[in-house]
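Here's the structure, in structure tokens; my notes come after.
The values are calculated or read from the model by the stated rules, or taken from the named source; none is laboratory data. Please read these numbers as outputs of a predicted model, since none were measured by experiment. Heads up, the Cβs are rebuilt from the backbone with ideal geometry, glycines too, and the neighbour counts pull from every protein chain shown.
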Amino acid sequence: MPVVATPVSSTGALAYQITLDDIRGVMLDFPQYNILLDDVQFTPDEIERAVRLAVDRFNAMPPRTGLTVTGFPNRYLLVMASISLLSLGEACRQARNQVTYQAGDVAPVGIDDKFALWTQLKQWAHAESERAFQRWKLQDNLEACFGGLGSGYRYTNTYGSFNSGSPGIY
């Protein structure tokens, strides 16, 4: 019987846990919603870079881990952190390229004048992902403790010893 593989992402780099459309879907970064651009806001390379850096950010938080994009445990965490980084990049671009023009009595028209909006989005996504990262790390750390801490009562029971049949520590 032949095995048929269906790619999740056209690029392959994000094929296992998260797709470009996962991030585009949350940000509604599709041509039909970007009426001024008539294209997507972020290129696949920009999104993939943000995803890799989001994983690096997660790995750098204590307790440090060594996860990869394909082994990342939760898509929501990765999407929020990626949106935070994409928004930061766009806010930087907006700040660099902001130009406001006014002609006569017409209200000023700005080009790339959405720095404040992108910064707010970045702050929200960063706070959301930071809280989620911390909770995830805390839960993982707590779960790692169970079964790993020793106790003086570990080898006692009320039924006796394996060796002599009498009660006690074996």
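Taking the criterion of being out of contact with any Ser or Thr (no Cβ under 8 Å at 6 or more places or on another chain), part of a loop (DSSP other than H, G, I, E, B) and closer than 15 Å to Cys92 by Cα, the residues of region 106-131 that qualify are Asp112, Lys114.
One residue stands out in region 56-69 among those that are aliphatic (A, V, I, L, M) and touching a Lys or Arg at 6+ places or on another chain (Cβ under 8 Å): the one that is modelled with the highest pLDDT, namely Met61.
Only residues that are touching a Lys or Arg at 6+ places or on another chain (Cβ under 7 Å), surrounded by fewer than 21 Cβ atoms within 10 Å (Cβ to Cβ) and more than 17 Å from Lys114 (Cβ to Cβ) were counted in region 70-89, giving 0.
Taking region 108-118 as the region of interest, how many residues are modelled with pLDDT of 80 or more and surrounded by fewer than 13 Cβ atoms within 10 Å (Cβ to Cβ)? The qualifying residues number 1.
The residue that is nearest to the chain's Cα centre (by Cα), counting only those in region 22-51 that are farther than 17 Å from Glu90 by Cα and in a helix (DSSP H, G or I), is Asp22. Checking the condition touching a strand residue (DSSP E or B) at 6+ places or on another chain (Cβ under 8 Å), of a type outside the set (Lys, Arg), more than 19 Å from Ile18 (Cα to Cα) and free of Cβ contacts under 8 Å to residues at least 12 places away in the same chain, which residue from Gln120, Gln102, Gln98 passes? Going through Gln120, Gln102, Gln98 in turn, the sole match is Gln102.
Being loosely packed, with under 14 Cβ neighbours inside 10 Å and over 30 Å from Asn141 (Cβ atoms), is that true of even one residue in region 45-61? So far as region 45-61 goes, yes, one or more of its residues are loosely packed, with under 14 Cβ neighbours inside 10 Å and over 30 Å from Asn141 (Cβ atoms).
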